[in-house]
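A.B. asks: Below is the structure I would like to discuss, written out as structure tokens.
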Amino acid sequence: KMSISQPILEFPIMIMWLIFLVLIFIWGLRINIIKKASQKVFLIDFACYKPLASQMCTKEKSLEIAKSMGNYSEEILDKMRMSMDKVGLGDSTYLPKTLLTNSPNLCLETSLKEAEDVMFGALDILFEKTNIDPKDVGILIVNCSVFDPVPSLSCMMVNHYKMNENVLSYNLGGMGCTAGLLAVRLANQLLQVHESTYALILSTENTSHCCYFGNDQSKIIPNCTFRVGGAAILLSNHPSHRNSSKYELLHDVHCHGASSDRSYKSVFLEEEDHGLIGVSITKDLLIAATHAIETNLTSLAPFILPLSEKLLFLKNFIIRRKKYVPNFTKIDHFLPHVGGLPVLNQLQKILGFSDLAMEASKISLRRFGNTSSSSIWYILAYAEAKGRIKKGDKIWQMAFGSGFKCSSVIWRTIRNVDTNDMKNPWKEESDDALIDLDLDINAPAHDYFQPPKS
């Protein structure tokens, strides 16, 4: 027999379910209204810079270069060797030209030369692919974290391509590996205001400028992970460009954890006791990263999860029996930033993605290394080259970095992507070279991010 109290207990739960369903309906209606009111933004095409074959460098060769510079102790060299293995780097990443000479000279001139090679190399490819005149670009956004010359990198591009005087030019610095997706958000907001124009994004990092030559263990990880690379992306809000574009921007979600001191100081550029500057990575990084990613997932979930998953989440929240991680694997392509193999493995474990789903990120890490904010575009280029991007597919790019920040951008594929793009950085890569990658799926993150010795 049903007790008298049972219906009384069930009544508030039923009310909560009803309220939740009404809120979901209102939320969906609000999103649709906002979408109809906003200008649609299209990604026409993008290009990734592929350095010269002469810049290709094995892990052992990079250690020989480090040893020849005479600044590192044997203990630090051993740590660097171990870190490169654990982070997931292969033997075909690229170093800046100056480090591969007999007399490396890291200075402003060599940093500028690397910036020019990468930026103009990527942009030349993009302009060739799209047949766009640089003078037609209305919005220009450049992001590079550690290298901030005067005039700025964006000014270098305006000068080199003789862009119009009224181009809206922005230079983002110090924003880490998330800056590329933050640039997408900035471009999206600007394209809502300025009608019928192009927005050009250039994402890169300067490895010549961010090398650390001391013996502080907390500062050597960037030396072991970051490699030469960059990407150029062309966006438009002109309705007539839809059919000639690859993707349509659906959502961009970003979270910032710098209000927490632990998060703010987890990745920090500083000067050590001997006057050498380097980026410190502390033991708090994993905690900061986990919190930022969880916050980002919570904000992103209403946009991409089906109603069934939202209801399961609510049910678990009410019952409070255990922590429930929604099923995000329904998305067609998950392309996270290549922060390191242990981080990718942790993401895969938490979110439940298959090895195939994570393949693009892991192989990009092994082949090109961590190219900072541009890495997400090498990953997408890999998926395109493999013929995996089909019309109607939804693509989820995620990046995380100093601050600590986490960003997600969702695209919808407008058409089947051509796999015969001769400018794709993966076009000349043989499948045989990418099969035996020895990717350690179970490598724990804490093995890589070791706290510095006291």
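Throughout, read-outs are computed from the coordinates displayed, never taken from laboratory work. The model shown is predicted, which means the values in this text are computed figures rather than measured ones. Because the Cβ atoms are built from the backbone with ideal geometry, glycine has one as well, and the counts that use them run over all protein chains shown.
A.B. asks: Which loop-located trypsin sites (Lys or Arg not before Pro) does the stretch 283-319 contain, where loop means any DSSP state but H, G, I, E or B and the Cβ has at most 15 other Cβ atoms within 10 Å?
C.D. replies: Loop-located and lightly packed - Lys283.
A.B. asks: Ok, one more. Can you run phi through the Karplus equation (6.51, -1.76, 1.60; θ = phi - 60°) for the stretch 268-282 and list ³J(HN,Hα) in whole Hz, with x for Gly and Pro?
C.D. replies: 9, 7, 8, 9, 8, 4, 8, x, 8, 9, x, 8, 7, 10, 9
A.B. asks: Also, quick follow-up: Does a label point 7 Å from the Cα of Asn102, set along Cα-to-beta-carbon, have any residues of the stretch 53-72 with amide nitrogen under 18 Å, and which are they?
C.D. replies: 65-66, 68-70
A.B. asks: Residues with amide H under 5 Å of Tyr198's amide H, sequence separation 5 or more or different chain, H placed in the peptide plane at 1.01 Å from N; which?
C.D. replies: Distant-sequence amide H within range of Tyr198: Gly138, Ile139.
A.B. asks: Between the DSSP loop rule and a limit of at most 13 other Cβ atoms within 10 Å, which trypsin sites (Lys or Arg not before Pro) in the stretch 360-393 are left?
C.D. replies: Hits after loop and neighbour filter: Lys390, Lys391.
A.B. asks: Hey, how many Å between the Cα centroid of the stretch 242-263 and the Cα centroid of the stretch 51-93?
C.D. replies: About 33 Å separates the Cα centre of the stretch 242-263 from the one of the stretch 51-93.
A.B. asks: To continue, here is another question. For Asp418 and Tyr170 in one chain, what is 0.36 nm times their gap in residues minus the Cα-Cα distance, to one decimal in nm?
C.D. replies: Gain on extension, Asp418 to Tyr170, equals 86.1 nm.
A.B. asks: A follow-up question, please. Under the definition of Cα pairs under 8 Å and six or more residues apart, what whole-number percent is the relative contact order of the stretch 128-217?
C.D. replies: Taking the mean separation of contacting Cα pairs over the length of the stretch 128-217, I get 42 percent.
A.B. asks: Give or take rounding to whole Å, what are the principal axis extents of the alpha carbon atoms in the stretch 272-362, in descending order?
C.D. replies: 57, 31, 21
A.B. asks: Can you find, among Phe46, Asn102, Met69, the residue farthest towards the positive end of the dipole of the stretch 38-102? Put +1 on the C-beta of Lys and Arg, -1 on that of Asp and Glu.
C.D. replies: Phe46
A.B. asks: Let me ask something else. Suppose R0 equals 45 Å; then what is the FRET efficiency for Ser73 and Lys162 from their Cβ-Cβ distance, rounded to the nearest 0.05?
C.D. replies: With R0 = 45 Å, the Cβ-Cβ based efficiency is 0.35.
A.B. asks: Here is a follow-up. Rounded to the nearest 0.05, what FRET efficiency do Arg262 and Ile350 have when you use their Cβ-Cβ distance and R0 = 25 Å?
C.D. replies: Approximately 0.80, to the nearest 0.05.
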